[in-house]
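To keep things clear, I will list the structure first and then write my remarks on it.
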Amino acid sequence: MSMILFACVVRVRDGLPLSASTDFHHTQDFLECRRWLKTLALRLAQYPGRGSAEGRDLSIHFSSSGDVACMAICSRHCPAAMAFCFLETLWWEFTASYDTTCIGLASRPYAFLEFDSVIQKVKWEFNYVKSSQMENSLEKIQEELEFQPPVVLTLEDTDVANGIMNGHTQVHLEPAPHFRMEPVTALGMLSLILNIMCAALNLIRGIHLAEHSLEIAQEEIGNILAFLIPFVACIFQCYLYLFYSPARTVKVVLMLLFICLGNMYLHGLRNLWQILFHIGVAFLSSHQILTRQLQEKQSDCGV
């Protein structure tokens, strides 16, 4: 008997279904679970990265990272480790096939319906194929679940389901797991050090100019902002390099633009070499941010 009955991929911010398996189950329990799943999909942004909703005979499991979440309806006897291992495998397969731009621009349900064949393949492998690789994956997920248990919702009757719809169900939220980034490189560490140095220079000059302006005149507000805005942009560049953030490209371009415009505005307070140094560091940091990607899926994480 199949443990995993249904699976779908949804967009986290609005619950838009992007792809789903074409399963034909017409039992009352399954249809109720489908309705609960749709309701949960609309509220995924409020939940941690992993969670389960337990019904009488079926359970819903969900796993979200970034813009995408994978959800599944499973038999109540399906081990949680198996369900979350399946969802993680689906997440890797989907994000490897579609970039964040395509996902963000999707405007209609099931825009990536062709991914159904991948869902069916992975679901079949988890339901019917047993291998040492899968066992290793399940052991790894089991360890993660023991260290950071998923949030649990109970869906045992219609009143509880309605409570979820109305937002009254109490859940214990835990921090969502962080994305795993590639290791920091030597050049990336250099860009961080230079960026922190540029940020410190901007902050010191900005504060000094602000103190001077308060005593003499208030006409220097543009110069003060031209120091402080690049200071904030440099700090945010460091954050973008160290931690994953959705829409990184847009944020990187904005921070680079703020730094370039701020330094161009300061022409006269800074000489040409100083301006080129700050802009050069900003370009180096931007390049390092965009080239540092999510860690590739390890060999023991999938089927």
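Of the whole protein surface, H267 contributes about 130 Å² of accessible area at a 1.4 Å probe radius.
Using R₀ = 41 Å, calculate the FRET efficiency as 1/(1 + (r/R₀)^6) where r is the Cβ-Cβ separation of R43 and H267; round to 0.05.
It comes to 0.20.
To the nearest 10, the accessible area of D99 is 80 Å² with a 1.4 Å probe. Residues V122, V253 ordered from highest to lowest accessible area at a 1.4 Å probe: V253, V122. Take I196: with every protein chain present and a 1.4 Å probe, its accessible area is about 100 Å². In a fully extended conformation the segment linking Y110 and V253 would gain 48.4 nm over its present Cα-Cα distance, using 0.36 nm per residue. Pairs over the 31 Å Cα-Cα cut-off, from the set K121/K251; K38/K123; K38/K121: K121/K251. For segment 190-199, the Karplus equation 6.51 cos²θ - 1.76 cosθ + 1.60, evaluated at θ = phi - 60°, returns couplings of 4, 5, 5, 4, 5, 5, 5, 5, 5, 4 Hz by residue, with Gly and Pro reported as x.
The slack between E139 and T22, meaning 0.36 nm per residue of separation minus the straight C-alpha distance, is 39.2 nm. The alpha carbon centroids of segment 214-286 and segment 8-80 are separated by 43 Å. Coupling constants for segment 81-87 follow from the phi torsions by the Karplus curve (6.51 cos²θ - 1.76 cosθ + 1.60, θ = phi - 60°), and in residue order they are 4, 5, 5, 6, 5, 4, 5 Hz; glycine and proline get x.
The values are calculated or read from the model by the stated rules, or taken from the named source; none is laboratory data. As the structure is a computational prediction, the values presented were derived from the model and not from experiment. Neighbour counts run over all protein chains shown; Cβ positions are idealised from the backbone, glycine included. Only protein heavy atoms, including side chains, enter the accessible area calculation; ligands, DNA and RNA are left aside. Shrake-Rupley method; radii C 1.70, N 1.55, O 1.52, S 1.80 Å.
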